[in-house]
Amino acid sequence: MAYDVVVIGSGPGGYVCAIKCAQLGLKTAIVEKRPTLGGTCLNIGCIPSKALLHASEMFHETEATLPKLGVKVGKPKLDLPAMMAHKDATVKSNVDGVAFLMKKNKVDVLRGTGTVLGEGKVSVADEDGKTSEIEAKNIVIATGSDVAGIPGVELEFDEKTIVSSTGALDLDKVPGHLVVVGAGVIGLELGSVWRRLGAEVTVVEFLDTVLGGMDGEVSKQFQRLLERQGMKFRLGAKVTGVKKTAKGADVTFEPVKGGDAETVSADIVLVATGRKPYTDGLGLEKAGVVLDERGRVEINDHWQTSVTGIYALGDVVKGPMLAHKAEDEGMAVAEIIAGQHGHVNFGVIPGVVYTEPEVASVGKTEEELKKEGVDYVSGKFPFSANGRARAMLAPDGFVKILADKKTDRVLGVHMLGKGVGEMIHEAAVLMEFGGSSEDLARTCHAHPTMSEAVREAALATAFGKPIHM
Ligand code: FAD
Ligand code: NAI
């Protein structure tokens with residue numbers, strides 16, 4: 001069988017690319033080695049983590065917030081198997097949804113491991129090792145990423161005691177003490193889940209801040225809020241050893257600036273120190289597809305690899321490892337293959353951390369602007385001065401807007417607060433259209449909404465003064 005496009009990997013990058021290819025009239029197949037479609041994101045990433053984040057937040061709110069609103073329901077009881085069943089059902093409906101979309105769009109699903117044989121040729125080996133060869137005018141590599149581990153530290157992920165995010169999404173009881181290595185997105189999201197369900201959580205982080213790379217003010221206040229929730233942080237600490245013991249595991253770390261090593265004992269250790277591109281079994285070297293120094297498939301501005309007709313996208317290439325970045329690349333690559341002008345604006349890719357409160361950002365941070373020598377103005381508005389936030393007992397956090405001092409063009413927006421993961425998109429749309437803080441300040445916002453804080457921050461940026469402060 002000859003296809004116009006064969007996509008290898010059915011994560012958000014691969015399956016979106018396949019759908020778009022089919023919509024553009026290209027005969028398309030997708031190759032996936034997992035039993036279910038949807039990749040890391042739907043099976044062991046975005047979707048199950050958000051199911052547990054929501055459920056654990058409801059559990060926590062029942063005790064922490066509802067009584068303050070006059071709703072007394074007594075001490076909540078955790079039914080962990082039921083919570084996990086909710087997570088599993090959420091995953092199932094999403095991965096089944098992708099299978100439905102493949103059928104609907106007439107994309108052939110080929111089960112097995114895909115190997116690139118060279119220009120125009122892919123082989124697919126099924127579970128029994130039976131291999132079939134497929135011809136494809138275009139090949140798209142969308143094989144995603146895998147847990148990176150800790151360079152120089154021998155780690156044995158048994159996914160019971162020493163776990164990656166995959167094991168941390170499937171624990172059968174609440175750990176007494178969870179030690180998280182890495183205060184990045186995974187560490188803080190999944191650390192939050194288990195903290196809310198009752199675990200003592202200690203996060204050991206190499207950098208001096210949580211969520212390295214995030215706007216500094218957001219990161220500082222966010223850390224304080226997590227500490228208020230009971231999370232403990234050991235920052236500026238490099239983990240040098242994780243060893244299993246009779247009771248759990250010991251984590252050894254040393255101050256980055258130098259000093260004595262320390263060891264803490266944990267029931268469970270979550271190693272969340274980043275992810276690496278996944279290219280195992282793809283045969284790229286033999287096919288002549290070049291990787292960069294970090295093991296990512298090297299691409300040009302049009303997602304073309306070093307071999308004609310072979311494209312790559314998503315976590316396996318450069319850029320942020322985010323599902324929506326992979327999806328956007330998937331659509332763009334399909335358009336390029338179809339002879340159109342696919343494009344992604346990498347300056348406007350929002351990032352959201354789905355903790356409580358949430359963190360959301362788009363564009364440049366203040367630190368980046370300073371480093372680049374950009375002349376900017378900044379306006380801020382706290383949720384403590386927002387009526388809706390007060391009504392919901394959600395006064396923590398703020399909205400911060402950064403705009404070019406001369407042109408007023410918005411360059412970055414950073415938010416910390418309840419539900420800001422939904423609110424960030426008005427900033428993204430504004431930035432996509434090259435809008436100014438004055439544009440935003442003059443846009444009527446419904447009252448009372450949390451989004452009014454965005455307008456107030458825009459007023460503070462454009463005119464130096466918000467109204468409600
Ligand atoms: P993947 O989703 O990794 O999919 C790649 C697929 O390719 C896999 O199914 C794999 O089995 C398959 N494959 C690999 N090699 C082969 C082969 N040779 N043959 C056949 N199939 C192959 N991002 C967000 O934007 N928001 C979030 O909330 C979020 N939460 C996350 C939570 C966790 C715990 C984790 C781990 C990640 C999270 N991410 C989140 C990141 C997100 O999951 C990734 O950015 C996204 O999945 C990347 O999509 P992809 O299509 O590039 O690859
Ligand atoms: P990360 O890169 O976000 O964070 C890893 C952290 O580990 C860093 O802060 C790093 O300094 C620290 N670290 C590394 N080695 C260390 C050591 N030896 N000792 C102490 N600290 C050490 O990676 P994470 O959290 O594993 O996430 C992986 C990817 O998944 C991210 O790229 C992220 O984009 C994606 N993801 C996105 C989510 C979202 O969008 N909400 C949710 C979860 C994951």
- Note on the structure: The residue from 441, 403, 389 that alone is touching a helix residue (DSSP H, G or I) at 6+ places or on another chain (Cβ under 7 Å) and either closer than 25 Å to residue 189 by Cα or at pLDDT below 95 (or both) is 389
- Note on the structure: Per the filter on the range 221-256, residues under 30 Å from residue 383 (Cβ atoms), within 15 Å of ligand 2 (Cβ to nearest atom) and basic (Lys, Arg) are 232, 234
- Item | the range 133-149, subset more than 13 Å from ligand 1 (Cβ to nearest atom) and over 17 Å from residue 289 (Cβ atoms), residue surrounded by the most Cβ atoms within 10 Å (Cβ to Cβ) | 149
- Query: How about the range 157-238: which strands (runs of 3 or more DSSP E) wholly inside it have at least 1 residues that are within 16 Å of ligand 1 (Cβ to nearest atom)?
  - Reply: 177-181, 200-204
- List, please: which pairs have Cβ atoms under 6 Å, are six or more places apart or on different chains, and start with a residue in the range 110-125 that is not assigned by TED's automatic domain parsing to the domain that holds residue 15 and end with one that is modelled with pLDDT under 95? none
- Restricting attention to the range 195-210, which residues are within 15 Å of ligand 2 (Cβ to nearest atom) and surrounded by fewer than 23 Cβ atoms within 10 Å (Cβ to Cβ)? 202, 206, 207, 208, 209
- Message: Just checking: which of the strands (runs of 3 or more DSSP E) contained wholly in the range 103-156 hold 2 or more residues that are of a type outside the set (S, T, N, Q) and farther than 16 Å from residue 312 by Cβ?
- Response: 108-111, 121-125, 131-141
- Task: Give the residue that is nearest to the chain's Cα centre (by Cα), with candidates limited to residues of the range 443-459 that are in contact (Cβ under 8 Å) with a residue 24 or more places away in the chain and assigned to a helix (DSSP H, G or I).
- Result: 454
- Message: Within the range 2-28, take every residue that is in a helix (DSSP H, G or I) and within 16 Å of ligand 2 (Cβ to nearest atom) and give me the one that is surrounded by the fewest Cβ atoms within 10 Å (Cβ to Cβ).
- Response: 12
- Here is a list of conditions, (1) closer than 16 Å to residue 147 by Cα; (2) not assigned by TED's automatic domain parsing to the domain that holds residue 140, and residue 241 meets all of them except one; can you say which number that is? (1)
- Task: Give the number of residues within the range 29-50 that are more than 17 Å from residue 131 (Cα to Cα), near ligand 1 (Cβ under 6 Å from one of its atoms) and part of a loop (DSSP other than H, G, I, E, B).
- Result: 1
- Could you check how many residues of the range 51-99 are in contact with a Phe, Trp or Tyr (Cβ under 6 Å, 6 or more places away or on another chain) and in a helix (DSSP H, G or I)? 2
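Yes/no matrix, rows are residues, columns are (1) away from ligand 2 (no atom under 14 Å from the Cβ); (2) in contact (Cβ under 8 Å) with a residue 12 or more places away in the chain; (3) touching a helix residue (DSSP H, G or I) at 6+ places or on another chain (Cβ under 9 Å):
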| position | (1), (2), (3) |
| --- | --- |
| 41 | no, yes, yes |
| 44 | no, yes, yes |
| 49 | no, yes, yes |
| 56 | yes, yes, yes |
| 62 | yes, yes, no |
| 65 | yes, yes, no |
| 72 | yes, no, yes |
- What pairs come up if the first residue lies in the range 334-346 and is of a type in the set (A, V, I, L, M), the second is at pLDDT below 95, and their beta carbons are under 8 Å apart, counting only those six or more places apart or on different chains? none
- Query: Are any of the residues in the range 129-148 farther than 20 Å from residue 32 by Cα, within 16 Å of ligand 2 (Cβ to nearest atom) and either free of Cβ contacts under 8 Å to residues at least 40 places away in the same chain or of a type outside the set (D, E, K, R) (or both)?
  - Reply: yes
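The values are calculated or read from the model by the stated rules, or taken from the named source; none is laboratory data. Not measured: the values here are computed from a predicted model. As a convention, Cβ positions derive from the backbone with ideal geometry for all residues, glycine included, and neighbour counts pool all protein chains shown.
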